[in-house]
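The values are calculated or read from the model by the stated rules, or taken from the named source; none is laboratory data. Just so it is clear, the model here is predicted, and its values are computed rather than measured. Cβ placement follows ideal geometry from the backbone for every residue including glycine, while neighbour counts extend to all protein chains displayed.
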Amino acid sequence: MEYFGCSVNYRARFDPPLPSSYFGNCIVWYIASTKHVDLVGDEGFMIATESIAEIIYKRNNDKEYVLNGDWLKEVGAAANTGRYVSIAGSPKYDLYEADFGWGKPKKWHFVFSGSGLVMSLSKSKDTDGDLEISLSLSKTRMNAFAAIFADGLSVL
């Protein structure tokens, strides 16, 4: 199995919703899973998007699952497979404007110590409308990714 995880701000999904001024952790992870053989076929991208859409719909309507904390076990199990890709962060939140009393950050990164692939997305510090994308890979995979990425840029 291959696993994809993403964080979800669950505040507005409660009934009644938590106020936007709520300060605390109300982030839940959704984990989609799909067989490797299905992903490498001609319909792989469509199968992946359907799997992600299905888990979002299922978890958005399963408050008990979210509240009882079972999703934490699911995230841990998926992350430990080594066949896990996750997206952290969101360009909706301007993390460079966060100031908890010691000043705004000059640079930030998510920290991940698992064996999967982790990407983070954030609003750019320097320009409006741009994204910062961070990627965590082993040295071998990072070198391969850099070569493929550079080759893709040369086509532009």
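Key figures for this structure:
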{"item": "Some residue of segment 56-67 being aromatic (Phe, Trp, Tyr), touching a helix residue (DSSP H, G or I) at 6+ places or on another chain (Cβ under 8 Å) and in contact (Cβ under 8 Å) with a residue 24 or more places away in the chain", "result": "no"}
{"item": "Set Ala88, Ala77, Ala147: member being within 21 Å of Val28 (Cα to Cα) and modelled with pLDDT of 85 or more", "result": "Ala77"}
{"item": "Meets criteria (closer than 21 Å to Cys6 by Cα, among the small types (Gly, Ala, Ser) and at pLDDT below 80) for Ser134", "result": "no"}
{"item": "Residue in segment 95-111 that is out of contact with any helix residue (DSSP H, G or I) (no Cβ under 7 Å at 6 or more places or on another chain), of a type in the set (Ser, Thr, Tyr), surrounded by 13 or more Cβ atoms within 10 Å (Cβ to Cβ) and in a helix (DSSP H, G or I) present", "result": "yes"}
{"item": "Residue ID - farthest from the chain's Cα centre (by Cα), chosen from residues in segment 137-155 that are exposed (fewer than 10 other Cβ atoms within 10 Å of the Cβ) and not β-branched (Val, Ile, Thr)", "result": "Ser154"}
{"item": "Any hit, segment 68-88, residues being among the hydroxyl-bearing types (Ser, Thr, Tyr) and more than 28 Å from Lys35 (Cβ to Cβ)", "result": "no"}
{"item": "Leading residue by the ranking (surrounded by the fewest Cβ atoms within 10 Å (Cβ to Cβ)) among those in segment 66-94 that are among the acidic types (Asp, Glu) and not in a loop (DSSP other than H, G, I, E, B)", "result": "Asp70"}
{"item": "Every pair of residues 6+ apart whose Cβ atoms lie under 8 Å, when the first sits in segment 13-28 and is modelled with pLDDT under 80 while the second is part of a strand (DSSP E or B)", "result": "none"}
{"item": "Within segment 105-124, considering residues that are of a type in the set (D, E, K, R) and modelled with pLDDT of 85 or more, the one farthest from Tyr3 (Cα to Cα)", "result": "Lys106"}
{"item": "Enumeration of residues in segment 1-53 that are more than 26 Å from Leu67 (Cβ to Cβ), hydroxyl-bearing (Ser, Thr, Tyr) and in a helix (DSSP H, G or I)", "result": "Thr49"}
